[in-house]
Each structure stands twice: as structure tokens, then as C-alpha cells.
Amino acid sequence: MTPLNEVDGRAIPLGLKNIDTDVIIPAHWLKTTSREGMGKGAFEGLRADPANLFDNPPYQGAPILIAGDNFGCGSSREHAAWALGDLGIRVVIAPSYSDIFSGNAVKNGILPVVLPQAAIDRLMEVAATDPVHIDLENQTVTTMFQDRFTFDIDPFRKMCLLEGLDEISLTEKSDAAIGDYEQKLDAERPWMRPAA
Amino acid sequence: MTRPRTLYEKIWDAHVVEQRPDGTALIFIDRHLVHEVTSPQAFAGLRASGRIVRRPDLTLAVPDHNLPTTARRDASGHRLPIADAESAAQLAALEKNAPEFGIRYIDAVAPEQGIVHVVGPEQGFSLPGTTIVCGDSHTACHGGIGALAFGIGTSEVEHVLATQTLLLQPSKAMEVRVEGEVGPGVSAKDIILHITGTIGAAGGTGHVIEYTGSAIRSLSIEGRLTISNMAIEGGARAGLIAPDETTFEYLKGRPYAPKGADWDAAVAYWKSLTTDPGATYDKVVVIDAADIAPSVTWGTSPEDVVPITGVVPDPASFADPSKQVAAAKSLAYMGLEPGTRMQDVPVENIFIGSCTNSRIEDMRAAAAVIKGRKKAANVKWAIVVPGSGLVKAQAEAEGLDRIFTDAGLEWREPGCSACLAMNPDKVPAGERCASTSNRNFVGRQGPGSRTHLVSPAMAAAAAVTGRLTDVRELIA
Ligand code: SF4
């Protein structure tokens with residue numbers, strides 16, 4: 001996974017609330033057995049409008065997306081994160097996310113920044129004309145107009161993003177603890193194993 | 001004495017493999033359900049890194065999402081190919097991956113095949129007090145039997161296959177208590193639609209919702225699975241209903257359920273799975289069952305719920321300005337005008353199925369309304385899709401299939417079908433569907449499709465009249 005620390009670039013001022021994963025990547029894009037090339041399907045419905053933001057030259061390949069409340073709600077499809085990543089998005093900024101989406105985002109090297117609506121409104125203004133700067137190490141979103149917003153992030157997620165860590169290798173360090181748990185479970189609740 | 005705990009905390013605590021200082025915990029996963037859509041990349045990942053499946057015995061795979069629901073064998077019993085190349089490739093990948101990694105597999109033509117969330121409880125693979133994951137957000141469904149079950153993405157599928165654990169942040173606990181008795185014609189689906197309308201699509205974000213109260217306790221397991229299925233529509237990670245005699249009765253004798261002395265030990269343990277008196281929830285919502293009418297959605301968010309006796313709301317009536325914008329967009333997409341009576345909305349398509357409502361009780365509820373009646377002339381497409389081969393066989397033994405086909409509805413093979421537009425069952429652009437599924441998102445049932453979420457009885461009523469209909473008028 002590509003490590004992520006500072007991201008500087010144009011931010012797509014989408015702004016809409018409740019952007020669900022069907023909007024991010026429609027279901028017919030799910031029928032693949034690989035992960036690449038999904039950016040083509042990202043926001044397909046919105047991009048059917050020739051005046052859409054995503055294909056508007058200043059925003060093409062923009063690394064940041066600004067959205068409203070409850071971004072990524074709906075189906076658990078990780079394809080949503082793959083599609084965003086393939087579109088070139090490294091950071092999403094929104095007041096809230098669905099739990100599943102924010103987990104999927106981090107696992108795919110995308111930073112979900114949570115900021116209050118007032119900050120979002122201000123960044124939407126800036127994004128119309130100028131770039132936005134994200135600094136994960138210092139947990140800030142800044143603009144060239146002296147705006148400075150700080151955000152919270154789970155320390156583990158932060159470390160994974162900064163170091164580009166693969167979670168399975170991290171968990172494999174706990175192999176002994178998992179083995180102990182399995183033994184204890186077999187001893188205390190042997191009926192937990194499927195009977196057939 | 002130990003601190004009083006919620007049901008959620010009890011299940012969580014029993015699964016902590018390793019507590020991390022940052023508040024996350026490595027959680028053991030008791031059951032992993034796998035289907036053809038979200039697993040190919042996970043197996044490919046395992047193969048690429050030379051990893052194996054740690055606990056194949058705790059993993060069960062079954063195809064459901066993109067299998068066509070038309071006949072799977074020809075007249076001489078040969079398996080028919082799947083026309084869509086990508087669907088066929090995903091199915092082929094699962095058929096190859098399951099034996100290669102040694103996991104349990106129910107194939108596309110097995111009598112037990114069905115939607116993962118129907119198959120899990122039906123086979124007794126899903127048990128109370130277990131942690132269950134699946135690469136599908138409606139995994140919350142299994143909360144209906146008291147399992148902590150939630151949807152995961154493909155990276156997590158790979159993580160669980162490799163380690164049988166997930167690193168998780170504990171959720172908050174929310175109680176939704178529904179007290180009293182529901183009126184005639186009001187089903188579990190109406191209860192959960194009403195709840196979703198009340199708490200909103202983000203009302204449960206960051207929480208696991210435990211459904212309590214007499215209206216929940218008196219539901220069958222089928223009804224409880226319907227409720228918990230849609231926990232995610234209220235923004236929650238999972239739903240939970242404490243197991244009780246109804247649950248034990250349902251599970252006893254199922255293929256993977258404990259047997260003999262193991263059964264007794266299991267029941268004794270399951271009986272401890274209730275929220276302790278004095279335990280506190282982070283959020284509580286109380287609903288009076290008497291307030292719940294047969295319900296229907298008007299928009300493109302599952303929170304857009306009104307009683308069937310209601311009208312399409314005016315976007316200006318919402319306090320939140322962004323909801324006003326969203327509602328106006330929804331209405332434009334849905335082709336609806338504010339003030340229109342829901343009962344005056346014609347529907348051309350009917351879908352009775354999905355992991356929300358495709359169990360035997362749902363089939364019976366729909367058949368009871370359809371019986372002796374005919375599909376309305378303006379209804380072009382009406383399909384009934386049982387949730388599993390076992391539900392299908394049971395329904396056929398009861399003659400329900402004939403009731404549907406005599407009325408002009410189609411009786412299909414089990415699968416996800418028109419719940420999501422991934423297989424040939426789709427709703428045409430611009431057309432409406434009275435659907436028993438769980439999501440009314442833009443394009444969910446096909447590009448441009450307009451979904452109205454309803455109960456099986458309400459979908460059956462709409463099939464008969466050709467418009468959204470108050471089922472109470474037909475069963476009076
Ligand atoms: S029926 Fe729909 S919600 Fe249920 S598992 Fe299938 S696709 Fe998911």
C-alpha cells in the first residue's frame with residue numbers, strides 16, 4: 001500500500017449528503033474478479049451529466065473529494081474504495097461516514113477526514129478555485145487563505161496510512177494469542193464448532 | 001459482582017483475543033460466510049501471498065448474488081450455463097477456490113443453496129452468541145438469532161480467511177424498544193421500516209442496535225431476521241435480538257447446530273446472553289407498536305418511510321435544509337409529486353424476495369393475500385424468489401407456488417435476484433417496483449429503477465391491485 005502523509009491538490013466539491021456506495025460504484029461494476037480499472041465506473045450516474053464535476057478539467061485526477069454527511073453509506077462493497085483510489089482520490093473530507101466505508105477506505109490507503117459542516121462549507125468555497133492541503137502527521141487541513149482545521153483520527157489507522165501497512169501481516173504477529181484463544185474456546189465451549 | 005453489561009458487550013468480551021492499548025481489539029470470528037461476489041479478490045490475495053485459510057471448518061461458501069433465478073438445469077438434469085460472462089467467471093472462481101482452500105461449499109444446484117443470510121440460520125451454521133461476518137452488509141441479519149454479525153469488505157474477507165480474526169473498534173450500544181402489539185396487516189418489515197423512518201438512515205451510526213420490547217419478543221425467528229437485516233439501513237453496524245425459547249426451538253436439530261449434551265451446554269450458555277438489569281445503552285429509542293402502520297418508502301433513502309395511508313411529503317416540510325434538497329432530488333428521481341396519496345401510486349413490477357423477506361413465513365404471508373386473486377393487468381413483471389432451496393421445497397409442499405403462478409406471478413429459483421441489479425432480474429428504467437428487499441437507493445434494482453420498499457403482504461396486495469395498496473383492505 002502506498003504510504004500517505006501530505007496531500008496537496010484540487011478538491012472535488014461534491015458536497016452531497018448520503019452518497020451511498022451504489023452512487024460511488026454502481027452494482028454492475030462489481031462483477032469483476034480483479035481490482036483495477038474501477039475508476040472508470042466511479043460516480044458513473046453523476047458523470048452521465050456532461051457538466052459533472054469529476055470530468056471538469058480542473059478536477060480531473062484531483063486527489064481530494066469533499067462530501068456531505070454519511071458518505072459511503074449503503075452496501076459494504078469495498079469496490080467503492082477501489083473505485084475512488086483508481087480515480088486518484090487519496091483523501092475524502094466529510095462530516096461523517098458509514099463505519100464500513102471508512103474502514104475500507106483506510107485499508108486501501110484512502111484517508112477519511114471528519115470535519116464539522118462549517119469547515120466543509122468553507123472548504124467547498126476554497127475548492128471552487130484553489131487547492132487544499134492535508135497533513136496527516138499533524139492532522140490538519142489547510143488552505144492558502146490561512147484556513148486551518150484539525151481533525152481526529154484513530155491512532156492505529158493513522159499509523160497504517162502513514163506507513164502503508166498491510167493489516168494481515170500485522171495480525172500474524174498475534175498468531176500465538178489466536179492459537180491460545182482457539183484452545184480455550186475448544187475447552188470451554190466445544191459446541192461452538194459446527195456440528196456437521 | 002461484575003459490572004452489568006449489555007448483550008453486545010457480553011458477546012464482544014467473549015471474543016477478545018487481544019486488547020490493544022488504543023481501544024481496538026483483535027476479535028475472534030466464529031463463522032465466516034462467503035459468496036461469489038466479494039470473495040474472488042480475497043482468495044487471489046491469499047494465493048499471491050502464499051497464505052492458507054486458517055479455519056476452513058468455520059467457513060461456509062454459497063453462491064447467491066449473481067446466479068440467475070431461472071431454471072438451473074435443463075429437462076434432462078444437466079446444469080445450464082450462465083449467459084453473463086462476468087457472473088459465470090465469479091461463480092467459477094468460487095467453485096475453484098472452495099475446494100482449493102478446503103472450505104465448506106454449497107453449490108449452485110444443491111438443494112440447500114440460497115441467499116447466505118437465509119442459509120446460515122437455516123443450516124444452524126449461525127448460532128446465538130457467535131461472531132459472524134460476510135462480505136455483504138446485510139450480514140446484520142443473523143442478529144435475529146442473537147449473533148453479533150456484520151458486513152465486511154473484501155480486504156477484511158481476506159483478513160478473516162487468513163487469521164480468523166478482525167481488528168475492531170468497539171461500537172456503542174443502542175436500544176430500540178418496541179412495546180405493545182402491532183395491528184392487523186403489520187409485519188416485522190413494517191416495524192423495521194417504521195424504526196428506520198424514526199431514527200433516520202444515520203440514526204444508528206457507530207452503534208450496534210439491540211431490538212427489545214414485547215413486539216420484538218413476540219416475533220418468530222423469520223420476523224426477527226427481517227428486523228435485524230435492516231439494522232444497517234438505520235446506519236448501525238449490526239443488530240441484535242437476545243436469544244430465547246423461540247430461538248432455541250428454531251435451531252434445534254438443524255444440521256450444524258450442536259447435538260445431544262452439546263446442545264444442552266449451548267442452551268445453558270445462550271440463556272446468559274441477555275442485557276443485564278442495570279446495564280446502560282448509549283442511546284435508547286422507544287416506539288409504541290400501536291403507532292406502526294403497514295409502511296412504504298417514497299424516496300431513495302430507506303429513512304423515507306410513510307404509512308401506506310400517507311402522502312408523498314413536500315420537501316419543504318423537512319427542517320434540515322440538506323434533507324430538503326435530498327428529498328426534492330428523490331422525488332424527481334422517483335417521478336412523484338408532493339401530496340400524492342401513496343395508495344394512488346401505480347406499480348408495474350413486484351419483487352417478493354431478498355434476505356430481508358424470502359423465508360417461509362414471508363412466502364405464506366404473500367400467498368395469503370394472493371390466494372384466489374389475479375395479478376393486475378398493469379403489472380408487467382411479478383416474481384417470487386424463495387430465499388433458499390429448502391424454503392422453495394417447503395413452499396411447494398404447502399402449495400404456495402401454485403397460488404402464485406395461478407395468479408400470474410412467476411415462481412423462481414433461490415438467489416438475491418432483483419434485490420440488486422447484478423443478475424438478470426432487473427427493474428426497467430423509469431418503472432416502479434413494490435419490493436420486499438431492503439434498499440431503495442438510486443439504481444439499486446437497475447439503472448433508473450424506482451423502488452418502493454414494502455412487506456411481503458403489501459407487495460402481494462400491490463400485485464393484485466396494480467398500485468401501492470393498504471393490505472388491510474384486502475384481508476379485512
Ligand atoms: S438479497 Fe440483497 S441484501 Fe441480501 S445478500 Fe443478496 S444482495 Fe445482499
* Among what's in segment B:149-172 and is among the small types (Gly, Ala, Ser) and within 16 Å of the ligand (Cβ to nearest atom), pick the residue that is farthest from B:Ala265 (Cα to Cα). => B:Gly153
* Asked: Pairs under 8 Å by beta carbon, first residue more than 8 Å from every other protein chain (Cβ to nearest Cβ) and closer than 23 Å to B:Gly124 by Cα in segment A:168-195, partner open to solvent by 20 Å² or more (accessible area, probe 1.4 Å) and part of a loop (DSSP other than H, G, I, E, B), six or more apart or different chains?
  -> A:Asp186/A:Arg193
* Structure fact -> A:Phe43 fails exactly one of (1) of a type in the set (A, V, I, L, M, F, W, C); (2) touching a Ser or Thr at 6+ places or on another chain (Cβ under 7 Å); (3) at positive phi, namely (2)
* Of the numbered conditions (1) among the β-branched types (Val, Ile, Thr); (2) within 16 Å of the ligand (Cβ to nearest atom); (3) open to solvent by 10 Å² or more (accessible area, probe 1.4 Å), B:Thr451 satisfies every one except a single condition; which is it? -> (3)
* Pick from B:Thr469, B:Thr436: which is open to solvent by less than 10 Å² (accessible area, probe 1.4 Å), more than 19 Å from A:Asp20 (Cα to Cα) and in contact with a Gly (Cβ under 7 Å, 6 or more places away or on another chain)? -> B:Thr436
* Asked: Name the residues in segment B:83-106 that are more than 16 Å from the ligand (Cβ to nearest atom) and touching a Pro at 6+ places or on another chain (Cβ under 6 Å), would you?
  -> B:Ala93, B:Gly102, B:Ile103
* Would you tally the residues in segment A:42-74 being more than 23 Å from A:Asp8 (Cα to Cα) and more than 12 Å from chain B (Cβ to nearest Cβ)? => 4
* Structure fact -> Given the conditions (1) small (Gly, Ala, Ser); (2) over 19 Å from B:Gly387 (Cβ atoms); (3) away from the ligand (no atom under 16 Å from the Cβ); (4) out of contact with any strand residue (DSSP E or B) (no Cβ under 8 Å at 6 or more places or on another chain), every one holds for B:Gly399 apart from (2)
* Asked: Of the residues B:Ala215, B:Ala231, B:Ala236, which is touching a strand residue (DSSP E or B) at 6+ places or on another chain (Cβ under 8 Å) and not in a helix (DSSP H, G or I)?
  -> B:Ala236
* Could you check, for segment B:138-148, whether at least one of its residues is open to solvent by 10 Å² or more (accessible area, probe 1.4 Å) and either within 14 Å of the ligand (Cβ to nearest atom) or not basic (Lys, Arg) (or both)? => no
* Asked: List pairs: first in segment B:437-451 and more than 9 Å from chain A (Cβ to nearest Cβ) and part of a loop (DSSP other than H, G, I, E, B), second among the hydroxyl-bearing types (Ser, Thr, Tyr) and open to solvent by 10 Å² or more (accessible area, probe 1.4 Å), Cβ under 7 Å, 6+ apart or cross-chain?
  -> B:Asn440/B:Thr300
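May I ask you to verify whether B:Glu112 is of a type in the set (D, E, K, R), assigned to a helix (DSSP H, G or I) and either surrounded by fewer than 22 Cβ atoms within 10 Å (Cβ to Cβ) or in contact with a helix residue (DSSP H, G or I) (Cβ under 8 Å, 6 or more places away or on another chain) (or both)?
no
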* Select from segment A:44-73 the residues that are small (Gly, Ala, Ser) and out of contact with any strand residue (DSSP E or B) (no Cβ under 9 Å at 6 or more places or on another chain) and list them in ascending order. => A:Gly45, A:Ala48, A:Ala51
* Asked: For segment B:361-388, which residues satisfy the criterion of being more than 21 Å from B:Glu473 (Cβ to Cβ), within 16 Å of the ligand (Cβ to nearest atom) and in contact (Cβ under 8 Å) with a residue 40 or more places away in the chain?
  -> B:Met363, B:Ile383, B:Val385, B:Pro386, B:Gly387, B:Ser388
* List the number of the failed condition for A:Ala128; all other conditions in (1) of a type in the set (Gly, Ala, Ser); (2) open to solvent by less than 30 Å² (accessible area, probe 1.4 Å); (3) more than 9 Å from chain B (Cβ to nearest Cβ) hold. => (2)
* Across segment B:254-275, what is the total count of residues that are away from chain A (no Cβ under 14 Å) and open to solvent by 40 Å² or more (accessible area, probe 1.4 Å)? -> 1
* Taking segment B:397-414, which residues are assigned to a helix (DSSP H, G or I) and either open to solvent by 70 Å² or more (accessible area, probe 1.4 Å) or in contact with an Asp or Glu (Cβ under 6 Å, 6 or more places away or on another chain) (or both)? -> B:Ala397, B:Arg402, B:Asp406
* **Filtered residues of segment B:302-335 (kept if touching a helix residue (DSSP H, G or I) at 6+ places or on another chain (Cβ under 8 Å), open to solvent by less than 40 Å² (accessible area, probe 1.4 Å) and more than 14 Å from chain A (Cβ to nearest Cβ))** => B:Val305, B:Val306, B:Ile308, B:Gly310, B:Val312, B:Pro313, B:Leu331
* **Residues satisfying the stated conditions in segment B:146-167, i.e. within 9 Å of chain A (Cβ to nearest Cβ) and in contact with a strand residue (DSSP E or B) (Cβ under 9 Å, 6 or more places away or on another chain)** => B:Phe150, B:Gly151, B:Ile152, B:Glu156, B:Val157, B:His159, B:Thr163, B:Gln164, B:Thr165, B:Leu166, B:Leu167
* Structure fact -> Heads up, the strands (runs of 3 or more DSSP E) in segment B:7-47 (entirely inside) with at least 1 residues that are facing chain A (nearest Cβ under 9 Å) and charged (D, E, K, R) are B:16-19, B:31-34
* Just need a number here: residues in segment B:166-199 that are part of a strand (DSSP E or B) and either over 26 Å from B:Ile132 (Cα atoms) or not acidic (Asp, Glu) (or both). => 10
* Asked: Say we look at segment B:48-62 and pick out the residues that are among the small types (Gly, Ala, Ser) and outside any helix (DSSP H, G or I); which of these is modelled with the highest pLDDT?
  -> B:Ala61
* **Every residue from segment A:75-88 that is more than 12 Å from chain B (Cβ to nearest Cβ) and crowded, with 24+ Cβ neighbours inside 10 Å** => A:Ala83, A:Leu84
* Can you tell me how many residues in segment B:406-423 are more than 12 Å from chain A (Cβ to nearest Cβ) and within 16 Å of the ligand (Cβ to nearest atom)? -> 5
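Quick check, is B:Arg73 open to solvent by 10 Å² or more (accessible area, probe 1.4 Å), facing another protein chain (nearest Cβ under 8 Å) and of a type in the set (Lys, Arg)?
Details: open to solvent by 10 Å² or more (accessible area, probe 1.4 Å): yes; facing another protein chain (nearest Cβ under 8 Å): no; of a type in the set (Lys, Arg): yes.
Against the criterion (open to solvent by 10 Å² or more (accessible area, probe 1.4 Å), facing another protein chain (nearest Cβ under 8 Å) and of a type in the set (Lys, Arg)), B:Arg73 does not qualify.
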* **Failed item, numbered, when A:Met159 is tested on (1) in a helix (DSSP H, G or I); (2) free of Cβ contacts under 8 Å to residues at least 40 places away in the same chain; (3) surrounded by 21 or more Cβ atoms within 10 Å (Cβ to Cβ)** => (3)
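The values are calculated or read from the model by the stated rules, or taken from the named source; none is laboratory data. These numbers come from a predicted model, not from an experiment. In this analysis, Cβ positions are derived from the backbone assuming ideal geometry, glycine residues included, and neighbour counts consider all displayed protein chains. In case anyone asks, the SASA skips ligands and DNA or RNA and just uses the protein heavy atoms, side chains included. Shrake-Rupley method; radii C 1.70, N 1.55, O 1.52, S 1.80 Å.
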